[in-house]
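*Asks:* Got a structure for you, questions after.
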Amino acid sequence: MILLQSQSKYLLQLLTNRLQNLDKGVELDCQWIEFDDVRCNVQTSVKNPHLLLLSLSLPTPPPGAMFVGGLPYGAIESIKAAYGTAVQILDPPKDGYNLTLKLNFSKLPPDEDTRQVLLMKVASVRELVLGAPLRVILKHLASRSLAPDMDQLVALVHRPNESFFLLPQAEKVTVIYPMRFKDSTDTVLATSFLQEFVEARRSASAGLNNAPSCQWSPSPPEELAGVPQEALAANAGFVSFVIFPRHVDSKKIDKTVWSLSTFHAYVSYHVKCSEGFMHTRMRRRVESLIEALDRAKSDQEKTKKVGAKTSFKRLSLKESRSNSNSRTSPSWR
């Protein structure tokens with residue numbers, strides 16, 4: 001299985017190129033869309049070549065999601081802790097965006113390796129912002145405690161108007177995903193994929209004994225009792241993971257946060273890859289059948305040509321009489 005990377009390659013390339021060409025006054029205004037409808041915008045000016053503005057537009061949160069001031073819970077604190085003085089949060093953000101950051105290249109660390117690590121963190125701003133509330137909950141799980149001011153059931157946004165749910169406890173955190181797909185083919189493939197996903201976790205030979213336990217069900221689990229019905233509209237079932245403190249230690253928490261916050265995108269990616277693989281196999285099969293038909297047609301044409309060489313020639317009446325006279329025996333004479 002291929003795992004999605006937390007840093008945006010395009011954003012990292014923009015930051016690296018800009019850092020290497022600070023002496024060139026270039027005005028830049030780039031817009032692009034990441035998966036799950038996360039829109040980004042990067043702006044630089046000729047007057048201030050050492051400054052770069054990075055704006056982020058997040059998916060529209062459904063009712064009940066943990067959003068504070070237009071951002072996920074804990075996002076501001078996570079940004080300040082990760083970027084330090086090199087990045088400043090602008091208030092208010094650029095029109096049409098939830099967050100605008102001002103990066104000052106002159107305040108980057110002088111060491112090249114440290115500077116590159118910071119740029120990779122900036123390129124991972126999506127993970128830092130959207131995964132902030134999940135990180136808060138999992139950090140408390142690592143210390144076997146509960147985060148203050150948290151409900152018993154927490155809804156976190158991960159797609160436009162869609163959320164997944166967390167049931168935090170002191171000893172474990174249960175993560176539940178309602179799986180929705182627009183295309184009927186995607187729904188069938190995703191359902192089969194998720195069922196095999198669960199079976200692989202159950203198999204001891206798969207080497208996944210230390211992975212979080214996984215369950216799939218076609219109907220909402222009991223933990224989602226009381227959730228509005230529109231939030232439970234899932235045509236590919238419900239997937240549940242149980243996270244324990246061993247999954248969120250200091251070395252694993254970043255990977256766990258990213259994997260959980262992008263699980264739906266991970267499934268969608270592999271569903272599309274499966275469709276592409278099947279389409280490729282179908283095209284190859286059709287091409288092989290066409291080649292077989294072409295070979296059969298060429299063999300038939302060869303047979304016709306051979307038959308044409310052995311066919312009889314129609315003679316005229318005069319030619320037939322001359323041939324018959326030449327074949328008559330002269331013994332009567």
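The values are calculated or read from the model by the stated rules, or taken from the named source; none is laboratory data. Since the model is a prediction, treat every value here as computed from it, not as a measurement. Cβ atoms come from the backbone with ideal geometry, glycine included; neighbour counts cover every protein chain shown. Heavy atoms of the whole protein, side chains included, go into the accessibility calculation; ligands, DNA and RNA do not. Shrake-Rupley method; radii C 1.70, N 1.55, O 1.52, S 1.80 Å.
*Asks:* List the residue pairs whose Cβ atoms are under 8 Å apart, where the first residue sits in region 235-247 and is within 18 Å of residue 145 (Cβ to Cβ), the second is of a type in the set (Val, Ile, Thr) and part of a helix (DSSP H, G or I), and the two are 6 or more positions apart or on different chains.
*Replies:* 243/256; 247/256
*Asks:* Still on this model: May I ask you to verify whether residue 268 is more than 19 Å from the chain's Cα centre (by Cα) and surrounded by 15 or more Cβ atoms within 10 Å (Cβ to Cβ)?
*Replies:* The answer is no for residue 268.
*Asks:* Another question, if that's okay. Given the conditions (1) on the phi > 0 side of the Ramachandran plot; (2) exposed (fewer than 13 other Cβ atoms within 10 Å of the Cβ), report the number of the one that residue 64 does not fulfil.
*Replies:* Exception for residue 64: condition (2).
*Asks:* Same structure, new question: Out of all the residues in region 215-235, which are part of a strand (DSSP E or B) and either surrounded by fewer than 18 Cβ atoms within 10 Å (Cβ to Cβ) or at pLDDT below 90 (or both)?
*Replies:* Within region 215-235, 215, 217 qualify.
*Asks:* If a residue has to be on the phi > 0 side of the Ramachandran plot and among the acidic types (Asp, Glu) to count, how many in region 144-160 make the cut?
*Replies:* 1
*Asks:* Would you mind stating whether residue 141 is at negative phi and either part of a helix (DSSP H, G or I) or crowded, with 16+ Cβ neighbours inside 10 Å (or both)?
*Replies:* yes
*Asks:* Evaluate region 236-246: report whether one residue or more is over 18 Å from residue 168 (Cα atoms) and surrounded by fewer than 15 Cβ atoms within 10 Å (Cβ to Cβ).
*Replies:* No, region 236-246 contains no residue that is over 18 Å from residue 168 (Cα atoms) and surrounded by fewer than 15 Cβ atoms within 10 Å (Cβ to Cβ).
Here's the yes/no breakdown for (1) among the charged types (D, E, K, R); (2) over 29 Å from residue 267 (Cα atoms); (3) free of Cβ contacts under 8 Å to residues at least 24 places away in the same chain; (4) open to solvent by less than 50 Å² (accessible area, probe 1.4 Å):
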{"residue": "32", "(1), (2), (3), (4)": "no, no, yes, yes"}
{"residue": "50", "(1), (2), (3), (4)": "no, yes, no, no"}
{"residue": "70", "(1), (2), (3), (4)": "no, no, no, yes"}
{"residue": "80", "(1), (2), (3), (4)": "yes, yes, yes, no"}
{"residue": "91", "(1), (2), (3), (4)": "yes, yes, yes, no"}
{"residue": "94", "(1), (2), (3), (4)": "yes, yes, no, no"}
{"residue": "97", "(1), (2), (3), (4)": "no, no, no, yes"}
{"residue": "106", "(1), (2), (3), (4)": "no, yes, no, no"}
{"residue": "110", "(1), (2), (3), (4)": "no, yes, yes, no"}
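*Asks:* Here's another thing I want to ask about it. In region 155-197, how many are surrounded by fewer than 16 Cβ atoms within 10 Å (Cβ to Cβ), among the aliphatic types (A, V, I, L, M) and either touching a Leu at 6+ places or on another chain (Cβ under 7 Å) or in contact (Cβ under 8 Å) with a residue 24 or more places away in the chain (or both)?
*Replies:* 1
*Asks:* Is it the case that some residue within region 21-28 is more than 23 Å from residue 257 (Cβ to Cβ), of a type in the set (A, V, I, L, M, F, W, C) and assigned to a loop (DSSP other than H, G, I, E, B)?
*Replies:* For region 21-28, residues more than 23 Å from residue 257 (Cβ to Cβ), of a type in the set (A, V, I, L, M, F, W, C) and assigned to a loop (DSSP other than H, G, I, E, B): present.
*Asks:* So how many residues does region 116-138 have that are assigned to a helix (DSSP H, G or I) and either within 18 Å of residue 8 (Cβ to Cβ) or at pLDDT below 90 (or both)?
*Replies:* 15
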